[in-house]
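The values are calculated or read from the model by the stated rules, or taken from the named source; none is laboratory data. What you see is a predicted model; the values in this text were computed from it and never measured. Positions of Cβ are generated from backbone atoms using ideal geometry, with glycine treated the same way; all protein chains shown enter the neighbour counts. To get the accessible areas, we keep the full protein, side chains included, count just its heavy atoms, and leave off ligands, DNA and RNA. Shrake-Rupley method; radii C 1.70, N 1.55, O 1.52, S 1.80 Å.
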Amino acid sequence: MMNSPKALISVLLALCAVTCFAEDARWIFYPGDLGVYLGEKVQARRPEWNGNTPVMWPQYHHWTVVEFAKDVDLSEPEEVEVRACGTGNLRIPGVRHPFTFDREKVTLPKGRYRLSAKIFNAEKPPALFISGKTVKTGAGWTTSWDGVAWTTASSDGDFTAPDVPPGDFRLKREHREPVRVEKRGKATFADFGRETFGYLKFRGVKGRGRIKIVWAESEPEAYAEPLEDLPFGKDVTDVWETIELSETDEFVHEKSRGFRYVRFAPVEGDVTVDSVAMDFEYLPLERRGSFRCDDERLNRIWDVSAYTLGLTMREVMVEGLKRDRWCWAGDAYQSFLMNYYLFADNGSVKRTLWALRGKDPVRRHVNTIMDYTFFWLAAVKDYYLFSGDRAFVEEIYPAMVTQTDFCLERLDANGMAVRKPGDWVFVDWAPKPLDNNSGPVAFEQIMLVRGLEAMADCAAVCGKPEAAKDYAARAATLRAKVVPTFWDERQGGLLHNLDKDGRQAPTMTRYASMFGILNGYFDDAKTARVVRDVLLNDDVMAIQTPYMRFYELEALCKVGRQTTVKEEIRGYWGAMLDLGATTFWELYNPKEKGEQHYAMYRRPFGKSLCHAWGASPLYLLGRYYLGVQPTGPGFATYDVVPSPGGLKTMEGMVPTPSGPVKVSVRDGRVTVSGNGGTGTLRWNGQTVTVPPHDTVTL
């Protein structure tokens, strides 16, 4: 008998927690195997010159034999539904149930014992799904690939459907027609209206023969001659192919491509095609973030940025949509940040982080690029801040440790990161090649410090205080060396590098100085000099890629130059729109004219016109104009510091795990509707707390 209404309510709430909110069964698999598997598939598809180009860094494979286990204690027998992605058996003491089925009902005996399953699958990541009243796959299961070292099994919440194991991950498709079709002699040209991605469909095929297909992102590329086959590597277009067609109502080409325009023509036989269409392929994501203001050009830039990012978020995050389609850590790092302000899709980030990292042993930097390794480490810390997903940090932390060990083994006698054989010190694509990298590069030291600080934070999250202390000390030691080593008082910023003898080289670039601002290396006086003498100095080599423009503009936002940044966004990204862009480009140089805009890598149409790092206004407008940023994991605490930069009205929404943070600026007043965390709003010298799920106005 209940003694009070309060006690009754407590019991009812407890029952509700068990019955109403019991966690569903989820597929489990070995940590990282899904990202490794998908990354391997995606990066094998780079199309060039009637073929494919494999990546230049090591590719890994999922474990083909994996064991899963959990200790159970049943007071009575329990019937469970069992599914496996692969072959093998479910192991109960004294009994082995073979996986020779799509699904099977198995009765587990009562008692305390170790329930396990051993699964083989060479084609897809081995995975297990068990659903019963109390026994179900998900949290609490362990896994091993060798039967010796055991770790927590991955149980991503995206995979709860019993019929869809992780290895069956698929993007969605929808039919699309071209907006314009033109015939010139034997050739057909089709324009699909804007950048897209998917599979061509040829309808009404008559006869038999070979056709040549050219996929293009610009109209000049689509119409570029010649149409006939040329020797390998000599065609002016990058992505083309010859295929065999024979009579059929509809033929769907098996290879996906990124393009806006397509051109095809017969090169052999009597084949003809009545019409062409496509299956658009995409990752179905909800736009949970938004931004609108009184400047329509800025609104258009936000919209095109959102479309650009959506196209490049696929099984894993890729960069150039037409050609590379590889997964690069520097590009992905920016995609992660943009995603947090638009989709807040955790699965994409986790799959991509694992695809980039691969498996032990570590023999190369991520993508072979030193700075990309440091971006990768920082990305895990950022993911925890935006998502609050401690389980993933614990899952990937061992891989962070071995990657960091690899970096620390390659430092010079002064504890600085330097290029070793096999390393690529990238920094940026620049008009003057950044080849002065024989000695320590200032930007690389700042990024290594950032990586070590990320390691310290992630070690603390994983309950490893001694490791956290060690990484923090290493970071502090190197941080203290950067400004004394690289600062040039005459030029007012950090020099690009030291020469091979450890002396300051005279080259001044923007990179280290702007990252010095972003990472807190300067006092107020040095910050003012960097802004004046480096970032706003036209005599210092200008940045032309949206990649590093991202950080240049972020540094200016950090020092309160939102009005300047707004005009830069309107000019730089807006100029691409003026040239007809429907997605943002890999590089834009305002000095180029006509078809020069499409050239890169010594190829007339080598530039990607849909590139992930081109979408950075999504982040800049959400983080520095709406002013929303997490200060605690998963936005448990957050700041809102709006800075309109001359905009009269501005409103938008930033997605978080506990609901959106909504910001509206109008008539000198700011209104913020909070999420499930606690916010701090700062506006015009005033500070006020935003309680959970409450609205405040200043």
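Hey, quick one: spin label on Thr368, modelled 7 Å out along Cα-Cβ, who in region 442-479 has an amide N within reach, i.e. under 14 Å? Backbone N within reach: none found.
Surface composition of region 345-431: carbon and sulfur make up 49 percent of the accessible area, probe 1.4 Å. The residues neighbouring Glu182, those whose beta-carbon lies less than 13 Å from its own, together hold a net charge of +3 under the Lys/Arg +1, Asp/Glu -1 convention. Provide the FRET efficiency to the nearest 0.05 for the Arg210-Lys172 pair, computing r from the beta carbons and using R0 = 35 Å. The computed FRET efficiency comes out at 0.65.
Cross-linked pairs Lys381/Lys464; Lys359/Lys381; Lys322/Lys607; Lys124/Lys359; Lys41/Lys201; Lys420/Lys526: Cα-Cα separations exceed 21 Å for Lys41/Lys201; Lys420/Lys526. Take the chain, mark every one of the GluC sites (Glu not before Pro) that falls in a DSSP loop and has at most 15 other Cβ within 10 Å, then report the longest stretch left between them, sites excluded. With GluC sites (Glu not before Pro) excluded where exposed in loops, the chain gives 287-408 as its longest stretch. Each label point was placed 7 Å from the Cα along the Cα-to-Cβ direction; for Ala575 and Lys648 their separation is 2.8 nm.
Computed with a 1.4 Å probe on the full set of protein chains, the accessible area for Lys201 sits at about 20 Å². Only helices reaching 27 angstrom along their own axis (Cα) with mean Kyte-Doolittle hydropathy no lower than 0.5 count here, and for the DSSP H runs of the chain these are 442-461. Stokes-Einstein diffusion for the chain, with the hydrodynamic radius set to the Kirkwood value over Cα pairs and evaluated at 37 °C in a medium of 0.692 mPa s, equals 118 µm²/s.
Solvent-accessible area per residue in the chain equals 41 Å², computed with a 1.4 angstrom probe and all protein chains kept. Over region 78-210, the hull volume per residue, using the convex hull of the C-alpha atoms, is 210 Å³. Annotation: Val55 carries an accessible surface of approximately 30 Å², with a 1.4 Å probe and no ligand, DNA or RNA atoms counted.
Positive-end ranking of Gly258, Val316, Ile301 along the dipole of region 230-341, with charges on Cβ about the Cα centre, is headed by Ile301. Modelled spin-label separation between Lys133 and Asp667, with each label point placed 7 Å from Cα along the Cα-to-Cβ direction: 6.2 nm.
Listed by chain and number, the aspartates and glutamates whose C-alpha is less than 16 Å from the C-alpha of Lys186, apart from same-chain residues fewer than 8 away, are Glu225, Glu228, Asp229, Glu268, Asp270, Asp274. Averaging the sequence gap over all C-alpha pairs within less than 8 Å and six or more residues apart, then dividing by the number of residues, gives the chain a relative contact order of 12 percent. Relative to the globular-protein estimate of 2.2 N^0.38 Å, the Cα radius of gyration of region 311-438 stands at 1.09.
Are there chymotrypsin sites (Phe, Trp or Tyr not before Pro) in region 122-198 that DSSP marks as loop and that have at most 15 other Cβ atoms within 10 Å, and which are they? Within region 122-198, the qualifying chymotrypsin sites (Phe, Trp or Tyr not before Pro) (loop, at most 15 other Cβ atoms within 10 Å) are Trp150.
Rounded to the nearest 20 debye, the dipole magnitude of the chain is 540 debye, with +1 charges on Lys and Arg beta carbons, -1 on Asp and Glu beta carbons, and the Cα centre as origin. Cross-link partners for Lys648 among the aspartates and glutamates, with Cα-Cα distance under 16 Å and sequence neighbours closer than 8 places in the same chain left out: Asp294, Asp295, Glu296, Glu567, Asp667.
For region 481-528, which trypsin sites (Lys or Arg not before Pro) are both in a DSSP coil and crowded by at most 15 other Cβ atoms within 10 Å? Counting only loop positions with at most 15 other Cβ atoms within 10 Å, the trypsin sites (Lys or Arg not before Pro) in region 481-528 are Arg490, Lys500, Arg503. Computed per residue of the chain from DSSP H runs no shorter than four, each worth -39500 (n - 2.57), the mean residue ellipticity at 222 nm is -9000 deg cm²/dmol.
Straight-line cross-link reach from Lys133 at under 21 Å between alpha-carbon atoms covers these lysines, not counting any fewer than eight positions away in the same chain: Lys70, Lys105, Lys110.
Sparse packing (at most 14 other Cβ atoms within 10 Å of the Cβ) combined with a DSSP loop state is found for the following trypsin sites (Lys or Arg not before Pro) in region 102-174: Arg103, Lys110, Lys133, Arg170.
Distance between the 7 Å Cα→Cβ label points at Thr151 and Glu595: 5.1 nm. Quick one: in region 502-567, what % of C-alpha pairs are over 16 Å apart? Considering region 502-567, 44 percent of its Cα-Cα pairs are separated by more than 16 Å.
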